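A.B. asks: Sharing a structure with you now.
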Amino acid sequence: MVITPENLVEKNYSGILDFLKNNPADFFLLQEVDVESKRSYFKNMLAGLSGAFPKNAAAFAVNYRADWVAIPVLEPWKAYGKTESGLVSLSKYEPVSSFRHQLPGNFSWPDKIFQLDRCALLHRFRTNFGKDLVVINIHNSAHDKTGEIKKQQLAYLKKLFLEEFEKGNFVVVGGDWNECPPIFDFDKFMPGNAQGFFQSNIPADFLPEGWKWVYDKNIPTNRKCRSVYKKGETFVTLIDFFVVSPNVEVIDVAASDLDFQFSDHQPVRMKVRLKI
């Protein structure tokens, strides 16, 4: 059998669906889910996810929508073309509301034509404790050389997190931060072999005492895409993780080492208990 790019997209998509089905959870927080985009051969991944989990509530927050994306500029036959993509959250429970928060910060022209409109997808669930469980799916900016856009986005998110917690609500946040957790060596998995890559850290004082950064320090969650992946050679780091408010107890966290078979990211699973 000849492996074509279209075959590969289907294989990766099927692999992700199989993993989700075999690892049930109360909430799935997914990023970069395409809806009939040229780069994924016009597959409607959102419909596929909803169909695979018909009993789950599903919400979609678009962060990339363009009739035609011309990159790579010098190889127009490989152009992204029509693109629609975004964040998807699946839940066993029906939220009382789901809201897309547009994150601040814009790239200058012409870069902003090709960059995502970063956002956070917030879901609110009623609990039996009189307060809400707030689950937030995020995908923060990458390719921000000065770090100014990241600062703006973190400031917006901090305000959002703290306002919800000050109301007495339980806050759980997860996704692709495009930064490492506070005080985490970005080249931990390949010390001295960063290959020109650099990943900034979220500031250690970003959130007040009691908030917890939750990740599996032993497994990388992101690999770089400069070339075909080769284990031990391709640079890997950790930029996918959770943060929880002080009234949420973390029971366990574990990343799954899939050797980047299906994506340039690897899944992270967390188990928590609400503290009352």
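A.B. asks: Restricting to the range 121-152, name every residue that is under 17 Å from Phe170 (Cβ atoms) and of a type in the set (Ser, Thr, Tyr).
C.D. replies: Within the range 121-152, just Thr127 meets the criteria.
A.B. asks: Now for a separate question. Read through the list (1) surrounded by fewer than 16 Cβ atoms within 10 Å (Cβ to Cβ); (2) under 19 Å from the mean Cα position of the chain (by Cα); (3) aromatic (Phe, Trp, Tyr), then give the number of the only condition that Phe60 fails.
C.D. replies: (1)
A.B. asks: Going by the structure shown, is Ala52 surrounded by 18 or more Cβ atoms within 10 Å (Cβ to Cβ), hydrophobic (A, V, I, L, M, F, W, C) and touching a residue at least 24 places away in the same chain (Cβ under 8 Å)? Don't jump to the end; show me each part of the working.
C.D. replies: Details: surrounded by 18 or more Cβ atoms within 10 Å (Cβ to Cβ): no; hydrophobic (A, V, I, L, M, F, W, C): yes; touching a residue at least 24 places away in the same chain (Cβ under 8 Å): yes.
Against the criterion (surrounded by 18 or more Cβ atoms within 10 Å (Cβ to Cβ), hydrophobic (A, V, I, L, M, F, W, C) and touching a residue at least 24 places away in the same chain (Cβ under 8 Å)), Ala52 does not qualify.
A.B. asks: Can you find even one residue in the range 175-192 that is part of a loop (DSSP other than H, G, I, E, B), among the small types (Gly, Ala, Ser) and modelled with pLDDT under 95?
C.D. replies: yes
A.B. asks: Pro24 - would you say it is assigned to a loop (DSSP other than H, G, I, E, B), modelled with pLDDT of 90 or more and of a type outside the set (Gly, Ala, Ser)?
C.D. replies: yes
A.B. asks: Only one residue in Val248, Val214 is at pLDDT 95 or above, of a type in the set (Val, Ile, Thr) and touching a Lys or Arg at 6+ places or on another chain (Cβ under 8 Å). Which one? Before you say what the answer is, go through the steps one by one.
C.D. replies: Numbers: Val214 fails: touching a Lys or Arg at 6+ places or on another chain (Cβ under 8 Å).
The match here is Val248.
A.B. asks: If I filter the range 193-235 down to residues being touching a residue at least 40 places away in the same chain (Cβ under 8 Å) and not in a loop (DSSP other than H, G, I, E, B), which single residue comes out as farthest from His265 (Cα to Cα)?
C.D. replies: My answer is Val214.
A.B. asks: Residues of the range 15-38 being in contact with a strand residue (DSSP E or B) (Cβ under 8 Å, 6 or more places away or on another chain) and either surrounded by 17 or more Cβ atoms within 10 Å (Cβ to Cβ) or of a type in the set (A, V, I, L, M) (or both), which ones? Explain how you work it out, then say what you get.
C.D. replies: From the range 15-38, those in contact with a strand residue (DSSP E or B) (Cβ under 8 Å, 6 or more places away or on another chain) are 20, 23, 25-38; that's our starting set.
Matches in the range 15-38: Leu20, Ala25, Phe27, Phe28, Leu29, Leu30, Gln31, Glu32, Val33, Asp34, Val35, Ser37.
The values are calculated or read from the model by the stated rules, or taken from the named source; none is laboratory data. Worth saying up front: this structure is predicted, and the values here are computed from it rather than measured. Backbone-built Cβ (ideal geometry, glycine too); neighbour counts: all protein chains shown.
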